[in-house]
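Accompanying notes for the structure given below.
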Amino acid sequence: MMKFKNQYLALLITLIVMVVASCKKNNGFNEIVSKDMTKPDVITNIKIENFNGGANITYDLPNSPNVLYVLAKYKINDRTVRETKSSYYSDTVIVNGFAKEQEYEVELHTVSRANVKSDPVYVKVNPKTPVYKVVSPTLQLVPDFGGINVKAKNTLKKEVGIIFLAFNSQTQQMEVVDQFFTKAENIDYSIRGYASTAKNFEVYVTDQWGNLSDTLRANLT
């Protein structure tokens with residue numbers, strides 16, 4: 001019995017040592033909370049790679065174990081400001097959701113484990129034509145049996161939303177009657193349940209950031 005107790009005690013001590021060692025390890029590099037309120041240095045050697053609707057921003061992190069992530073802040077249109085983060089494990093932050101093919105300013109900060117921001121670094125990105133704007137010019141509305149059919153080309157195979165509207169004779173307004181998101185290259189979608197009488201329909205393209213294309217309108221039977 002005494003031998004069993006000694007073995008049990010030895011095992012218990014071993015487990016305690018392992019737990020303490022584990023706690024010490026977690027309080028090291030991966031610890032989020034820090035009392036070090038030193039302002040971190042900025043990122044350097046910044047490079048931009050533009051793509052449709054966004055850009056990859058690569059950089060060198062400052063040589064500091066206190067850096068937790070890189071923060072990017074930017075406007076994607078006239079009403080929306082976005083923030084994206086990239087951990088210290090990465091050398092790239094992705095900015096996306098831009099509404100147009102034009103120049104945008106991005107504000108970059110390194111952020112410490114004590115949530116202290118570095119001085120800002122400003123860069124310019126020039127995203128290519130956003131995906132929803134690539135799809136929009138290819139929209140087609142045609143009559144279908146008991147309804148309408150929309151066709152479009154999504155050559156980039158990125159997710160877009162197709163929004164249908166129809167005229168409501170009771171409210172005397174155009175109202176959303178159907179919507180769906182897809183990554184399909186060849187969009188071919190029908191909505192049915194309409195009488196064989198002339199009716200006003202509309203369709204437009206959106207994306208996950210709420211950007212909206214111009215509206216295609218048609219009066220179909």
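Here are the numbers:
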| item | result |
| --- | --- |
| Candidates 195, 99, 184, ranked by Gaussian network fluctuation over the chain, Cα under 10 Å, top entry | 195 |
| Cα-centre dipole for region 67-221 with unit charges at Cβ (Lys and Arg positive, Asp and Glu negative), debye to 20 | 160 |
| Over region 131-220, relative contact order from alpha-carbon pairs under 8 Å, at least 6 apart, % | 34 |
| Net charge of neighbours whose Cβ lies under 9 Å from the Cβ of residue 141, counting Lys and Arg as +1 and Asp and Glu as -1 | +1 |
| Descending semi-axes in Å of region 44-125, equivalent ellipsoid built from Cα gyration tensor | 23, 13, 10 |
| Local electrostatic count, residue 57, Cβ distance below 13 Å [Lys/Arg +1, Asp/Glu -1] | -1 |
| Rel. contact order, % - alpha carbon contacts under 8 angstrom, at least six apart, the chain | 16 |
| Surrounding net charge for residue 221, when Lys and Arg each add one and Asp and Glu each subtract one, Cβ distance under 13 Å | 0 |
| Mean shadow area of region 131-220 over all directions, Cα convex hull, nm² | 5.5 |
| Computed helical MRE - 222 nm, the chain, DSSP H runs ≥ 4 contributing -39500 (n - 2.57), nearest 500 | -4500 deg cm²/dmol |
| Scaled radius of gyration (Cα, divided by 2.2 N^0.38 Å) that the chain gives | 1.60 |
| Pairs of lysine residues in region 131-220 - Cα separation under 19 Å, sequence separation of 8 or more or cross-chain | 10 |
| Candidates 158, 124, 35, ranked by Gaussian network fluctuation over the chain, Cα under 10 Å, top entry | 35 |
| Top positive-direction residue, dipole computed over region 131-220 with Cβ charges, set 171, 197, 131 | 131 |
| Acute angle (nearest 10 degrees) that the helix 2-26 long axis makes with the longest principal axis of the chain, alpha-carbon atoms | 60 |
| Debye, to nearest 20: dipole size of region 44-125, +1 on Lys, Arg Cβ, -1 on Asp, Glu Cβ | 260 |
| Gaussian network model of the chain, Cα within-10 Å springs - most flexible of 170, 102, 208 | 170 |
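A short reminder: the numbers here are calculations on the coordinates, not readings from a lab. The shown structure was predicted, so the numbers you read here are calculated from the model rather than taken from an experiment. Glycine gets a Cβ as well: all are built from the backbone with ideal geometry, and neighbour counts include every protein chain shown.
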